[in-house]
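The values are calculated or read from the model by the stated rules, or taken from the named source; none is laboratory data. It should be emphasised that the depicted structure is a prediction, and the values quoted were computed from it without experimental measurement. Positions of Cβ are backbone-derived with ideal geometry, glycine not excepted, and every protein chain shown enters the neighbour counts. Ligands, DNA and RNA are stripped out before the accessible areas are found, and what is left, the full protein with its side chains, is counted by its heavy atoms. Shrake-Rupley method; radii C 1.70, N 1.55, O 1.52, S 1.80 Å.
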Amino acid sequence: MNTLTDKHILLGITGSIAAYKSADLVRRLREQGAQVQVIMTAAATAFITPLTLQSISGQPVYTQLLDAVTESAMEHIELARWADMVLIAPASADFLAKLAGGHADDLLSTVCLATNAPIVVAPAMNSFMWQAPATQENCQRLQQYGIKFFGPATGSQACGEVGKGRLLEPNELVDQVQEVFQTQFLAGYHVLVTAGPTREDIDPVRFISNRSSGRMGYAIAQSAKMAGAQVTLISGPVALPPVAGVQLISVYSAQDMLTAVMTRIATVDIFIAAAAVADYRPSQLFSHKIKKYDADWQITLERTPDILATVAALPHPPFTVGFAAETDNLLEYAREKLQQKQLNMIAANWVGVAGIGFDSEKNALNVLWAEGGIELPCAAKTELAGQLLEIIIQQYQQNGYLPHQKSGSY
Ligand code: C5P
C-alpha cells in the first residue's frame, strides 16, 4: 500500500557528503506515492548535481532565492504553501545554525521561515561537529521551535571517524516520514482555542479576574499544532510563552475575546473554549482611580457576553467544545451546560481540589457528549490535551462534520 499518496514533500538538501543518499530518498518517497520537490543549497550542488535530483523527482530543482524568472511568482511563498512537510536531509551543522538563528539568506532557509508545514531535519556531520556545544544548543532551540529530528545515527563516517552524526538510511527516513503523517490526525483542520482568564476593568488600576493560568488552553493549542492543525490561540493575560507555529492573538477582556473569536470563526472547524472568561464585569468603567473613603463601596456588575454560547448559536457553527469548571455537582452541571449552550462536547473538571485544575500543571477531565462520555484520569495537561483532541476528532467524524480546508493533502 502507498502510505504517502499525494503528500507534498519539499526536500531540502544541504552541503554534506551524505547528499548522495538524497537521490535514493526521493526515489523511495515517490514509490510511496509522495510528490517531491527539491531545494538545494549552493553547498549541496558541490556534492550532487541538480540534474540528478531533477531526473529522479520529475520536477524542476530550485537553487536560487533571487531567481529573475521564478521569483516574480514569489517562488519561496508558493513552495512554502505547497509543502505538507519540509524535510531537510541531509541537514549540515551550518544549516542547523542558520535555521536556529532565523536567517533567510537563501531559498531553503527562507522557505523554512515562510512555511506552516511541519519541518523535519535529518542531521549529517562529523561526530565532533555534532557534539559541539554550539550545534547542541542550536538543536535544542530548534526543538523548542517545534522542529523534529530524524537521527542522526551512530556508525562509521565518510571522514573516517566512528560516532554519532550519520544520516539515517533512506528507508529509515521514509519510515519516519510515514510515522509523522500518521500522527497528523488534525491536518487540514483549523482549530481555534481560547485560553486564560479575562480581565474586566473597574478603573485604570483595578480589575476583576480569576486564577486561570492558561495552561490547559496552551497545551491544547500545542497538541493540535503537533497533530497538524492550523491553530489560532486567543488568549487572555497569562505568563506563558507563545506556542511555536500557533497564531497567538492576545486579548484583555471578555468583549475583546468575543470580537477576536467572531472575526475568525468563519473558517474554523473545531472551536475549543478553554478560557476562564469572567462572567461579570463592572457596569461602569471609571476613567480615574477610585479614591478610598471610610464608607463601604459597592460595585454593580453586569454579565459579560457568553462567547461559547454565541459561537454554538451560529447558523453553521464549528464543532464546539466547552469546559466546565465546578466545585460541586460537576457532572450534573456539565451536562446541563452541554444542553443549554448546544455544545457538541464538554470537558468537565473539578476546581478547588489540590493539585489539579486552575493554576496547576495537572488536571483530570470528564468528557461528555450527547450520547456518552469518557473519564480521563489525572495527568499532565499536555498529555490530557492530546487525549482530548483524539476524542474530539472521533466525535467530529462520527457526527459527519467535514473540515473547511480538508483538501486530500494529508
Ligand atoms: O457557563 P460557564 O462559564 O460555566 O461555561 C464555561 C464554558 O463557557 C467554558 O468553555 C468557557 O470558556 C465558556 N465561556 C465563554 N464565555 C463566557 C463564559 C464562559 O466562552 N462569558
| message | If a residue counts only when it is of a type in the set (S, T, N, Q), which helices (runs of 4 or more DSSP H) contained entirely in the range 1-119 have at least 3 such residues? | response | 50-57
| note | Over the range 305-329, the set of residues open to solvent by 20 Å² or more (accessible area, probe 1.4 Å), touching a residue at least 24 places away in the same chain (Cβ under 8 Å) and either more than 8 Å from the ligand (Cβ to nearest atom) or polar (S, T, N, Q) (or both) is Thr310, Ala313, Leu314, Pro317, Thr327
| query | Taking interchain pairs and intrachain pairs at least six residues apart, which have beta carbon atoms under 7 angstrom, with the first residue in the range 370-385 and in the same structural domain as Val231 (by TED's automatic domain parsing) and at pLDDT below 95 and the second part of a strand (DSSP E or B) and open to solvent by 80 Å² or more (accessible area, probe 1.4 Å)? | reply | Cys378/Lys362; Ala379/Lys362; Ala380/Lys362; Lys381/Lys362
| field | Evaluation of Ile290 against (1) surrounded by 10 or more Cβ atoms within 10 Å (Cβ to Cβ); (2) modelled with pLDDT of 95 or more; (3) more than 8 Å from the ligand (Cβ to nearest atom) (one fails), failing number | value | (2)
| said: Consider the range 293-304. How many of its residues are within 20 Å of Pro197 (Cα to Cα) and open to solvent by less than 100 Å² (accessible area, probe 1.4 Å)? | reply: 3
| task | Identify all residues within the range 192-207 that are part of a loop (DSSP other than H, G, I, E, B) and surrounded by 22 or more Cβ atoms within 10 Å (Cβ to Cβ); write none if there are none. | result | Gly196, Thr198
| query | Residues in the range 252-286 that are open to solvent by 30 Å² or more (accessible area, probe 1.4 Å) and over 28 Å from Thr300 (Cβ atoms): how many? | reply | 4
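Let's see how each residue does on (1) without any contact (Cβ under 8 Å) to a residue 24 or more places away in the chain; (2) outside the structural domain of Gly165 (by TED's automatic domain parsing):
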site	(1), (2)
Thr3	no, yes
Gly15	no, no
Asp24	no, no
Gln32	no, no
Gly58	no, no
Arg81	no, no
Ile88	no, no
Lys98	yes, no
Val111	no, no
| query | What is the residue count in the range 8-48 for residues that are closer than 20 Å to Leu79 by Cβ and open to solvent by 30 Å² or more (accessible area, probe 1.4 Å)? | reply | 6
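Would you please name the residue that is surrounded by the most Cβ atoms within 10 Å (Cβ to Cβ), looking only at residues in the range 178-191 that are of a type in the set (A, V, I, L, M, F, W, C) and out of contact with any helix residue (DSSP H, G or I) (no Cβ under 7 Å at 6 or more places or on another chain)?
Start the filter on the range 178-191 by keeping residues that are of a type in the set (A, V, I, L, M, F, W, C), which leaves 180-181, 185-187, 191.
Those left that are additionally out of contact with any helix residue (DSSP H, G or I) (no Cβ under 7 Å at 6 or more places or on another chain): 180-181, 187.
On the way: Val180: 19, Phe181: 20, Ala187: 22.
Ranking the qualifying residues of the range 178-191, first place goes to Ala187.
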| said: Quick check on the range 330-348: of everything there that is charged (D, E, K, R) and farther than 18 Å from Val193 by Cα, which residue is most open to solvent (accessible area, probe 1.4 Å)? | reply: Glu332
| request: Among what's in the range 135-155 and is open to solvent by 90 Å² or more (accessible area, probe 1.4 Å) and assigned to a helix (DSSP H, G or I), pick the residue that is modelled with the highest pLDDT. | output: Glu137
| remark: Residue hits (the range 120-134; assigned to a loop (DSSP other than H, G, I, E, B) and among the small types (Gly, Ala, Ser)) are Ala124, Ala132
| request: Kindly indicate whether Ala158 is of a type in the set (Gly, Ala, Ser), crowded, with 16+ Cβ neighbours inside 10 Å and either in contact (Cβ under 8 Å) with a residue 12 or more places away in the chain or not in a strand (DSSP E or B) (or both). | output: no
| request: State whether one or more residues within the range 345-355 are near the ligand (Cβ under 9 Å from one of its atoms) and either within 27 Å of the chain's Cα centre (by Cα) or touching a residue at least 12 places away in the same chain (Cβ under 8 Å) (or both). | output: yes
| field | Qualifying position, being outside any helix (DSSP H, G or I) and surrounded by 24 or more Cβ atoms within 10 Å (Cβ to Cβ), among Ile220, Ile249, Ile234 | value | Ile234
| query | Do you know which residues across the range 162-171 are outside any strand (DSSP E or B) and surrounded by 15 or more Cβ atoms within 10 Å (Cβ to Cβ)? | reply | Leu167, Leu168, Glu169, Pro170
| query | Any idea which of (1) open to solvent by less than 20 Å² (accessible area, probe 1.4 Å); (2) farther than 22 Å from Leu96 by Cα; (3) of a type in the set (Gly, Ala, Ser) is the one Ser55 doesn't satisfy? | reply | (1)
